[in-house]
Ligand code: URA
C-alpha cells in the first residue's frame, strides 16, 4: 500500500515544475528504498551522477554511505534514501531556500509513507530542516524527538571524504543506530549531550569549522 503510494508520489515528483531546477535537471531523484523502513536517510541534493541515473547517493559519497550503513548492520536495501531537494542544483551549488521550500511537501509525504523509526539527516542542509540555527558540530550523533519521530543529525558522508578525521566520527554516530532502533525511547537530547561531553563552545566551534571548511557536499565528487 505504502509502496504503491510512494511510486505514485515519485511519478508526481518526476513532472514537478515547482522551482527553477525543473529547467536544468536531467531527471528528478525522488528517493529509493522500501516502505515502511525503520531508517530514512536524508541528504542534501542530487549531484551529477544522481541526475544522470535518477538514484540518490550513487557516487563516492554513496559508497561511503553504504559502508556506514554496514557498520550499523544495515544494508542500503533496508533503508529509504532521499534528499531535501529532488533536483540537481546547477554546478552543485547549495540549494536555495525557495528550492528547499518547493520540495518540502514531497519530503513530508515521503516521510509519512516510509514511516521511519529514525530519520538520519546527512549534512547541514538536511539538519537545518529539523533544527534551524543549530550547529552540526554540536548536535551530530544525538537523536532528538521532533513531532513524534526520532531525528539523528549526522555529518554528510562527502565531508568525511575530504576530512579524514570526520570518518571515525561518522562511523561512531552510525553505530549508535542499532541501539536507537532497539529502544526508540532512548534519545539523547542535545543539551544533555553538550553537558556530558564537557566544555561545549570550543569543541563545537572546531567541529563546525571542519564541516564548513569542507567543500559543498557534491562539488568534488564530479
Ligand atoms: N549527496 C547528497 O546529498 N545527495 C545525493 O543524492 C548524493 C550526494
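Taken together, the values in this text are just the output of simple stated rules run on the coordinates, not laboratory data. Keep in mind that this is a model prediction, so the values were computed, not measured. FYI the Cβ positions are ideal-geometry reconstructions off the backbone, even for glycines, and counts take in every protein chain you see.
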Residue separation between residue 24 and residue 145 times 0.36 nm, minus their alpha-carbon distance, gives in nm 39.9 nm
The helix 2-14 Cα axis meets the longest alpha-carbon principal axis of the chain at an angle in degrees, between 0 and 90 and rounded to 10, of 70 degrees
Nearest 10, in degrees from 0 to 90: the angle of helix 60-71 to the longest Cα principal axis of the chain is 50 degrees
In the chain the DSSP beta bridges are antiparallel at a rate, in percent to nearest 5, of 20 percent
Here the residues of the range 49-76 lying in the modelled label zone of residue 182, meaning backbone nitrogen under 16 Å from a point 7 Å along Cα-to-Cβ, are 71-74
Sorted on mean Cβ neighbours within 10 Å (highest first), peptides 58-67, 16-25 come out as 58-67, 16-25
The exposure ranking of 15, 94, fewest beta-carbon neighbours within 10 Å first, is 15, 94
Descending packing, highest mean Cβ count within 10 Å first, for 157-167, 179-189 is 157-167, 179-189
Computed over the range 1-149, the distribution of all Cα-Cα distances in 5 Å bins, rounded to whole %, is 2, 10, 20, 24, 22, 16, 6, 1
Residue separation between residue 77 and residue 2 times 0.36 nm, minus their alpha-carbon distance, gives in nm 25.4 nm
Once residue 14 and residue 171 are pulled to full extension, the length gained, defined as 0.36 nm per residue separation minus their Cα-Cα distance, is 53.2 nm
Measuring from the longest principal axis of the C-alpha atoms of the chain, the long axis of helix 200-213 (C-alpha) lies at a number of degrees, nearest 10, equal to 30 degrees
Summing -39500 (n - 2.57) over every DSSP H run of at least 4 in the chain, dividing by its residue total and rounding to the nearest 500, the 222 nm mean residue ellipticity is -13500 deg cm²/dmol
Once normalised by the length of the chain, the mean sequence separation of its alpha carbon contacts under 8 Å that are 6 or more apart gives a contact order in percent of 23 percent
